[in-house]
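Here's the structure, in structure tokens; my notes come after.
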């Protein structure tokens with residue numbers, strides 16, 4: 001069977017005007033996971049990212065090239081838009097700037113999004129599910145044996161929940177566990193695919209590497 005290795009992007013710029021920019025830590029995380037893959041002899045023969053800058057920059061800092069293929073299905077759901085829709089354009093300042101409050105509110109918001117409990121979001125949860133599955137099918141429609149994808153936490157949570165046959169709530173519980181530059185591995189052959197490894201960070205296993213760990 002072939003391998004689909006999906007890596008979450010490095011730490012982005014939470015609390016700034018443009019989240020879609022890797023922090024300095026995000027670049028170091030990306031360098032570390034790229035170094036690990038080369039040291040263990042895992043060299044991809046197909047590269048795919050979403051269209052987001054933080055995903056492309058993660059791959060670049062990992063040291064892989066040439067320029068990859070892109071599929072927008074690997075993009076994160078737009079959490080700014082979801083919060084805006086849920087709070088009718090008046091997102092509380094604490095939700096915007098405090099990490100714990102933000103992610104608690106985001107969890108609740110995604111659950112409401114899944115239930116279609118508010119209107120006005122640019123994308124429904126059903127549309128998100130469909131585009132993630134389309135992206136997975138795109139990445140797995142190949143003769144390549146090692147496919148490397150750089151994506152985002154929500155997409156990884158959705159892929160993993162689907163592979164496990166879990167209910168839709170489980171997608172968000174997994175999403176919130178996904179560490180920056182963690183590795184989630186699937187095995188595939190034709191239409192068959194299954195989860196092999198979730199949220200692994202061997203590049204953070206040393207005392208030096210542990211200092212690189214982040215979730216957002």
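The values are calculated or read from the model by the stated rules, or taken from the named source; none is laboratory data. All of these numbers come straight from a predicted model, not from anything done at the bench. Backbone-built Cβ (ideal geometry, glycine too); neighbour counts: all protein chains shown.
In this structure, does residue 75 turn out to be modelled with pLDDT under 95 and either loosely packed, with under 13 Cβ neighbours inside 10 Å or within 14 Å of residue 128 (Cβ to Cβ) (or both)?
no
Taking the stated definitions as given, is residue 81 exposed (fewer than 15 other Cβ atoms within 10 Å of the Cβ) and farther than 21 Å from residue 155 by Cα?
no
Looking only at the range 48-60, which residues are farther than 18 Å from residue 154 by Cα and surrounded by fewer than 21 Cβ atoms within 10 Å (Cβ to Cβ)?
Matches in the range 48-60: 60 only.
How many residues does the range 31-47 hold that are in a helix (DSSP H, G or I) and crowded, with 17+ Cβ neighbours inside 10 Å?
Here the count works out to 6.
Having 2 or more residues that are within 18 Å of residue 7 (Cβ to Cβ) and assigned by TED's automatic domain parsing to the domain that holds residue 40 is the bar; report the helices (runs of 4 or more DSSP H) wholly within the range 137-216 that clear it.
Here the list reads 153-164, 168-175.
What tally of residues in the range 169-182 results from selecting those that are over 10 Å from the mean Cα position of the chain (by Cα) and over 16 Å from residue 107 (Cα atoms)?
Here the count works out to 0.
I'm checking my understanding of the structure. Among residues of the range 1-11 that are touching a strand residue (DSSP E or B) at 6+ places or on another chain (Cβ under 7 Å) and crowded, with 21+ Cβ neighbours inside 10 Å, which one is nearest to residue 196 (Cα to Cα)?
It comes out as 4.
Quick one: which residue in 105, 139, 135 is in contact with a strand residue (DSSP E or B) (Cβ under 7 Å, 6 or more places away or on another chain) and surrounded by 14 or more Cβ atoms within 10 Å (Cβ to Cβ)?
The conditions single out 139.
For the range 12-30, check the following and say yes or no: at least one residue is buried (at least 21 other Cβ atoms within 10 Å of the Cβ) and within 30 Å of residue 116 (Cβ to Cβ).
Yes: one or more hits.
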